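The values are calculated or read from the model by the stated rules, or taken from the named source; none is laboratory data. Bear in mind the structure is a predicted one, so any value in this text is a computation, not a measurement. Cβ coordinates were reconstructed from backbone atoms using ideal geometry, including for glycine residues, and neighbour counts include every protein chain displayed.
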């Protein structure tokens, strides 16, 4: 399994943990995420009457960006999930592939600012 917590040279560091800075680095380094980020923000945060939705929003997008900022890690996770969904005939492998992708996503979500 690949380590998501250590930063690969050339991969931008994680920003301060605020929605504004996260959106800025997504726009700069992973613009493919921006439409979904914006739609999710609008649906669950901007139009919400309860600010308790912000931590869940940040947790999701923090992990998404932590993976997307590293194209090789993003491709690896996408490959794991794709193989599990479409190319896996073996039951043990069908369980192991999404489990590995999930482990990477959980590690990515714990990446600290600056890492």
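Every residue, every condition in (1) part of a loop (DSSP other than H, G, I, E, B); (2) in contact with a helix residue (DSSP H, G or I) (Cβ under 8 Å, 6 or more places away or on another chain), yes or no:
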| position | (1), (2) |
| --- | --- |
| 9 | yes, no |
| 34 | no, yes |
| 41 | no, yes |
| 48 | yes, no |
| 78 | no, no |
| 82 | no, no |
| 101 | no, yes |
| 107 | no, no |
| 115 | yes, no |
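Have a look at 79, 74, 70 and point out the one that is over 25 Å from residue 17 (Cα atoms), modelled with pLDDT of 95 or more and surrounded by 12 or more Cβ atoms within 10 Å (Cβ to Cβ).
79
Have a look at 2, 7 and point out the one that is modelled with pLDDT under 95, more than 14 Å from the chain's Cα centre (by Cα), within 14 Å of residue 113 (Cβ to Cβ) and surrounded by 13 or more Cβ atoms within 10 Å (Cβ to Cβ).
Just a single option satisfies the conditions, and that option is 7.
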